[in-house]
Amino acid sequence: MSTLNFRISAAARSQVPKALLDRLAAAEQAAKRTTPKLIFGLWNHNTHLLQRHNVGALVLDHIARASGVPFKRPTARASFEVAKIPPAGVAMALASARKLLEIGSLGTPQRPGVNLESAASSSSSSMGRSQSIFSLPTGSISPGEVILVRNVSFMNTCGPSFRNAMKIFNVSDRECVIVQDDLDIAFSVLSVKQGSARGHNGIRSIVEATGMKDLLRLGIGIGRPPANARVADFVLRNFTPTEASTLMKQSIPQATITLLEEGFLWHQAADEELKAARKAVSEAVGRMRRERRKKATEAAEAAEAAAVALASTEQIAASGGTVPEGQDLAAEQESPNQLTGQITPPSIAAGA
């Protein structure tokens, strides 16, 4: 039974031990992919969006522009800015991302996507800066709506921004994803992360502010610094035009689809546990089937042996011999006269 296209009939399920079924149910629940309600993009506020360290905010800028929704600060003193993307805007952003991946085009400045000129001027544009303040009641995320959040601070102190956004929108850690730059993977590659900040000061600030170490993160590879360059200097450099083009045509559209449609597993180990649980149930079903086949074979062999015994008895009786009541056929077969092909007359058998 394949664990990739896993199916189990009701009849088979009724025979599987309850402990295995409970394990499978828990694994299936844990392995459900979900899209986040709140997406937090890391950056150094009011710096160039094409700076390597700002690629997390660049992804959110793309989604906001493709949706036609500007970033705004929820309150005058808010430490973050927000773009509330309605379901129709989510659909627009996904359509833009698919188009960019399909035709390899950067699209128009506003819709679809972000082009190099708009991204290059974002540090002073309406998208790069927060817009007019609007009223935002606590927990006001509508069904199908996605909240994009960017810190209004430096990267190293973004933790309180993330914590306050979680509180205002009343979301749990499992409903959030952080988009970050990543030095540990190849340029333009996407990677889902959890756990250690691995030297990223923005992630470290969030962990310190929230106490949450298992927050999901979508990392985007920004390349490694040259041998003679400091990491701190490298992450503050802008992407080259060629690198920026690759991001806009490939990485950012794919990140958009991952964030808004494909979703995430809360724990990546959940997928392995699901495979293991399905394998255990498959093996249990296989054992039951083998046992049923074995019993059916044994029953068939027993029936065949009984038929042979009956036929032998009838043959002996038809030849004028008798099989004393209760005598085992095997004993009859082992008698000397039976072995020599002779039949003992009833008078001799009676001691005449």
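The values are calculated or read from the model by the stated rules, or taken from the named source; none is laboratory data. Keep in mind that this is a model prediction, so the values were computed, not measured. Cβ placement follows ideal geometry from the backbone for every residue including glycine, while neighbour counts extend to all protein chains displayed.
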How about segment 152-181: which of its residues are of a type in the set (S, T, N, Q) and farther than 18 Å from residue 211 by Cα?
153, 180
Between 223, 219, 202, which is assigned to a helix (DSSP H, G or I), at pLDDT 90 or above and under 23 Å from residue 50 (Cβ atoms)?
202
Sort out which residues of segment 268-310 are of a type in the set (A, V, I, L, M), over 14 Å from residue 20 (Cα atoms) and either modelled with pLDDT under 85 or touching a Phe, Trp or Tyr at 6+ places or on another chain (Cβ under 9 Å) (or both), and write them in order of number.
269, 270
Extreme residue, surrounded by the most Cβ atoms within 10 Å (Cβ to Cβ), among residues of segment 205-214 that are touching a helix residue (DSSP H, G or I) at 6+ places or on another chain (Cβ under 7 Å) and at pLDDT 90 or above:
206
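Residues are listed down the side, and each one gets a yes or a no for (1) modelled with pLDDT under 75; (2) on the phi < 0 side of the Ramachandran plot; (3) assigned by TED's automatic domain parsing to the domain that holds residue 180:
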{"position": "248", "(1), (2), (3)": "no, yes, yes"}
{"position": "313", "(1), (2), (3)": "no, yes, no"}
{"position": "318", "(1), (2), (3)": "no, yes, no"}
{"position": "334", "(1), (2), (3)": "yes, yes, no"}
{"position": "345", "(1), (2), (3)": "yes, yes, no"}
Hits in segment 268-305 (condition: loosely packed, with under 11 Cβ neighbours inside 10 Å and of a type in the set (Gly, Ala, Ser))
296, 299, 300, 302, 303
Inspect segment 66-85 for any residue being in the same structural domain as residue 183 (by TED's automatic domain parsing), farther than 26 Å from residue 160 by Cα, assigned to a helix (DSSP H, G or I) and in contact (Cβ under 8 Å) with a residue 60 or more places away in the chain and give the result as yes or no.
yes
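Yes or no, residue by residue, for (1) at negative phi; (2) surrounded by fewer than 24 Cβ atoms within 10 Å (Cβ to Cβ); (3) assigned by TED's automatic domain parsing to the domain that holds residue 189; (4) not in a loop (DSSP other than H, G, I, E, B):
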site: 20; (1), (2), (3), (4): yes, yes, no, yes
site: 47; (1), (2), (3), (4): yes, yes, yes, no
site: 57; (1), (2), (3), (4): yes, no, yes, yes
site: 61; (1), (2), (3), (4): yes, no, yes, yes
Just to verify a result, which residue in segment 74-128, among those that are at pLDDT 50 or above and in contact with a Gly (Cβ under 6 Å, 6 or more places away or on another chain), is surrounded by the fewest Cβ atoms within 10 Å (Cβ to Cβ)?
87
Could you check, for segment 136-145, whether at least one of its residues is at pLDDT 85 or above, over 22 Å from the mean Cα position of the chain (by Cα) and in the same structural domain as residue 244 (by TED's automatic domain parsing)?
no
